[in-house]
Amino acid sequence: MEAISIEGTPKTPTIKFDPSSGVLELKGRSIPENSIEFYKPLIDLLDKYAANPKPITNVNIQLEYFNTSSSKCILDLFKKLESIKNNGSAVTINWHYEEDDEDMLEAGEDYQAIINVPFKMIQIEE
Amino acid sequence: MLDIYDFYDKMERNNIMLSFKGNITSDLLTSILQIMESKMDNMQEEPKVKKKVYNVLVECLQNLYHHMDEIPADPEISEQERSAIFMIGKQNNEYTIYTGNYILSQNVEKLKGRLDIVNSMSKEELKEYYKTILNNGEMSEKGGGGLGMIDIARKSGQKLNYNFVPVDDKNHFFSLNVKISQ
């Protein structure tokens, strides 16, 4: 399985996922008009990874902004992580938010309420 | 002759920071967002306010973008019907985002119904509604899915102020004002 590494742009986040280490990183802004198209390569790779995941899967989400179109794709991503967890990998989602960014913390809590994967809420000091 | 001073005066009195009328493209949205971000930086706006305005702005502009995208390529449809207006102003520490676009008259009731549901909800109810639509709602091909208006109401913390004006036998003009206070 090839690792995925996509550089961030003003509208799309940096994405890094290496199936050989089980570390996934999503960082920056996610406000594309067409988010399904953007997230497809990552979702497809996670689908393959889910068949034979590493014992530990670590997910770092550090988003500055995301639009509602991305929010559905992020939920899809988390649902994949749920099935990876069900296939025997210890998955943790580290949800980073900036100090004072209550909206981003709340967005993380919304996902936490829907997804059956352990979340860690991590505040970034400014 | 077009009285440009009249436009200027109206924009000045409403403290309009940026306005646009025309076809909404992806590149245009990128530019508007960049301009507003640097304007707010220059004004040394609080990060918290900046984030809220930026978030709401993204949703309002992308609503316009997706709406335009849904209009079929039909020569019967005029350029005017594909055009939208957007403005943002700041008065007394309160930002207001104004958007306006044509909408088929047959779709007015449906949109009005959705806006009224959002406006009838408390902060907590909006949070639950958002999660329900996020988890169960059907996603359109481009990724929209009815979350935009709920998110705008949640982030702005205010009711969505809207209006529909009949334009001709087929169309209404839909206007939306969103206030974001500090």
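The values are calculated or read from the model by the stated rules, or taken from the named source; none is laboratory data. Not measured: the values here are computed from a predicted model. A quick note on method: Cβ atoms are made from the backbone with ideal geometry, for glycine too, and the neighbour counts reach across all protein chains shown. The accessibility values were calculated without ligands, DNA or RNA, using every heavy atom of the protein model including side chains. Shrake-Rupley method; radii C 1.70, N 1.55, O 1.52, S 1.80 Å.
Of the residues B:Val108, B:Leu64, B:Asn136, the one whose Cα sits farthest towards the positive end of the charge dipole of the stretch B:12-168 is B:Asn136 (charges of +1 on Lys and Arg Cβ, -1 on Asp and Glu Cβ, taken about the Cα centre).
Considering only beta bridges that DSSP places wholly inside chain A, some 30 percent are antiparallel. Which shape class, rounded, prolate or oblate, goes with chain B when its Cα gyration tensor gives a ≥ b ≥ c as root eigenvalues, a/c under 1.5 marks rounded, and past that a/b bigger than b/c marks prolate? Cα axes put chain B in the oblate bin. Secondary structure note: in the protein assembly as shown, about 65% of the DSSP beta bridges are antiparallel. Helix-only arithmetic for chain B: the sum of -39500 (n - 2.57) across DSSP H runs with n ≥ 4, divided by the residue total, places the mean residue ellipticity at 222 nm at -15500 deg cm²/dmol. Couplings 3J(HN,Hα) for the stretch A:74-86, derived from phi with the Karplus relation 6.51 cos²θ - 1.76 cosθ + 1.60 (θ = phi - 60°), are 5, 5, 4, 4, 5, 5, 5, 5, 4, 6, 5, 5, 5 Hz, where x marks Gly and Pro. Using θ = phi - 60° in the Karplus curve 6.51 cos²θ - 1.76 cosθ + 1.60, the 3J(HN,Hα) couplings for the stretch A:94-111 round to 8, 9, 8, 9, 6, 3, 6, 8, 5, 4, 6, 4, 4, 4, x, 5, 4, 5 Hz; x is entered for Gly and Pro.
Solvent-accessible surface of the stretch B:4-181, averaged per residue with a 1.4 angstrom probe and all protein chains in place: 54 square angstrom. For A:Ile115, no residue whose modelled amide H falls within less than 5 Å of its own remains once neighbours fewer than 5 places apart on the same chain are excluded. With an a/c value of 1.5 or above and a/b not larger than b/c for the gyration tensor axes a ≥ b ≥ c computed over the alpha-carbon atoms, the stretch A:14-53 is described as oblate.
The ellipsoid that matches the Cα gyration tensor of the protein assembly as shown has semi-axes, each √(5λ) in whole angstrom, of 37, 22, 18, with the longest given first. Near B:Lys159: Cβ cut-off under 15 Å, other residues only, Lys/Arg at +1 and Asp/Glu at -1. The net charge is +2. What the phi angles of the stretch B:19-36 give under the Karplus curve with 6.51, -1.76 and 1.60, with θ = phi - 60°, is a coupling list of 9, 8, 9, x, 6, 9, 10, 4, 5, 4, 4, 4, 5, 4, 5, 5, 4, 5 Hz, glycine and proline written as x. Between the amide H of A:Val91 and those of A:Thr57, distances stay under 5 Å, these residues lying 5 or more places away or on another chain, with hydrogens modeled in the peptide plane.
Reported to the nearest whole Å, the Cα centre-to-centre distance from the stretch B:58-100 to the stretch A:44-90 is 34. Placing +1 on the Cβ of every Lys and Arg and -1 on the Cβ of every Asp and Glu, with no other charges, gives the stretch B:4-181 a dipole of roughly 780 debye about its Cα centre.
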